[in-house]
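Have a look at the structure below, then the notes.
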Amino acid sequence: MRLDIGKYLVTGGAGFLGSHLCDRLVEGGHDVLCVDNFFTGGKANIAHLLGHPRFELMRHDVTFPLYVEVDRIFNLACPASPVHYQHDPVQTTKTSVHGAINMLGLAKRLRARILQASTSEVYGDPEIHPQVESYWGRVNPIGPRSCYDEGKRCAETLFFDYWRQHRLEIKVMRIFNTYGPRMHPNDGRVVSNFIVQALRGEPITIYGDGSQTRSFCYVDDLIDGMVRLMDSPADFIGPVNIGNPNEITMIELAERIVGQVGGPSTIVHKPLPADDPRQRQPDIAVAREQLAWAPKVGLEDGLRETIAYFRHQLAA
Ligand SMILES: NC(=O)c1ccc[n+]([C@@H]2O[C@H](COP(=O)([O-])OP(=O)(O)OC[C@H]3O[C@@H](n4cnc5c(N)ncnc54)[C@H](O)[C@@H]3O)[C@@H](O)[C@H]2O)c1
């Protein structure tokens, strides 16, 4: 799929998803301005793009206003894993809320279309399964995860108010668990955790009894959905779930990863962290219908690429 506009701003462009998005946009012939404060992202993720004539990197924190000239904005800046977003929760809320205000202000000045990387965490610990976009969620406003969940919910509110009040062209994407090369090795996310532990021959840590389920989307599929959403007709604004609906228990995931890595890893159980949802699965009917999008990469293929990436990282 091709995007039809010239210069793109990607905030959080040196992170896991942002760097893959920068790749896709540059490959598609677009100029990309990547903005990042390098809190969780790193130059290594975009090193191959530095020096490319269509790629520009700018160190900037989105909690401060930004004055640049672009045609479209992807707003991804925000730490995404609990370990990182709970490290400085006030900064996390600021990044989501002030970051959204600053990027929406920029979009308003430029009359630029803007996409928000929102999250399945806006559904909290859901009472309905799978989650549809019309579900309002069940989120704890005062817990340790609230800086992220409520920050992202407030950002969605801001996007819709800029749309209602200023007729800004917005797109809101609710991203479900995504995995792939360039995930942070120590961020506590389950796929990277299990792979790194298996590669090191360490016991695999499962929180709770391991019967809780998740669904995992491979990064290439996710970026395809993101690009399709940005390029969709102006009257389709979302929110839209993008994720893989195939559910798997944590025990099954651990076994799959140990099987693919090979070696002797065993499984150890630890207590569940606060507000950890029991189940999370996207209903992707809206994405199928409005964006003609569905995930294509199976878990086995996605894990193979991801394991190869971490094997290389650990050897370096
Ligand atoms: N990966 C997932 O499974 C997932 C799921 C749901 C939502 N998301 C959302 O997608 C986006 C990207 O997630 P990711 O997995 O690539 O995470 P990531 O942590 O790898 O990337 C986030 C990037 O934002 C940058 N950043 C953080 N605060 C910033 C600030 N104040 N100013 C400028 N840059 C800042 C970080 O340095 C990093 O490069 C996030 O908004 C996240 O909430 C991701």
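Numbers for the structure displayed
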quantity: Top-ranked residue of the stretch 2-41 - restricted to ones that are near the ligand (Cβ under 8 Å from one of its atoms) and among the aromatic types (Phe, Trp, Tyr), ranked as surrounded by the fewest Cβ atoms within 10 Å (Cβ to Cβ); calculated: PHE38
quantity: All positions within the stretch 295-316 that are outside any helix (DSSP H, G or I) and surrounded by 14 or more Cβ atoms within 10 Å (Cβ to Cβ); calculated: PRO295, VAL297
quantity: Among residues of the stretch 42-64, those that are farther than 24 Å from ASP221 by Cα and within 12 Å of the ligand (Cβ to nearest atom), counted; calculated: 8
quantity: Failed criterion for HIS87 (all others in (1) open to solvent by 20 Å² or more (accessible area, probe 1.4 Å); (2) of a type outside the set (A, V, I, L, M); (3) closer than 17 Å to GLY12 by Cα hold); calculated: (3)
quantity: Test for ALA77: is it of a type outside the set (Phe, Trp, Tyr), part of a loop (DSSP other than H, G, I, E, B) and open to solvent by 10 Å² or more (accessible area, probe 1.4 Å); calculated: yes
quantity: Scope the stretch 170-201; condition near the ligand (Cβ under 8 Å from one of its atoms) and not in a loop (DSSP other than H, G, I, E, B); matching residues; calculated: ARG174, ILE175, THR178, TYR179
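Okay, residues lined up against (1) surrounded by fewer than 23 Cβ atoms within 10 Å (Cβ to Cβ); (2) among the small types (Gly, Ala, Ser); (3) within 14 Å of the chain's Cα centre (by Cα); (4) within 13 Å of the ligand (Cβ to nearest atom):
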| residue | (1), (2), (3), (4) |
| --- | --- |
| SER215 | yes, yes, yes, yes |
| MET226 | no, no, yes, yes |
| SER232 | yes, yes, no, no |
| GLY243 | no, yes, yes, yes |
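The values are calculated or read from the model by the stated rules, or taken from the named source; none is laboratory data. The shown structure was predicted, so the numbers you read here are calculated from the model rather than taken from an experiment. Positions of Cβ are backbone-derived with ideal geometry, glycine not excepted, and every protein chain shown enters the neighbour counts. With ligands, DNA and RNA removed, areas are computed over all heavy atoms of the protein, side chains included. Shrake-Rupley method; radii C 1.70, N 1.55, O 1.52, S 1.80 Å.
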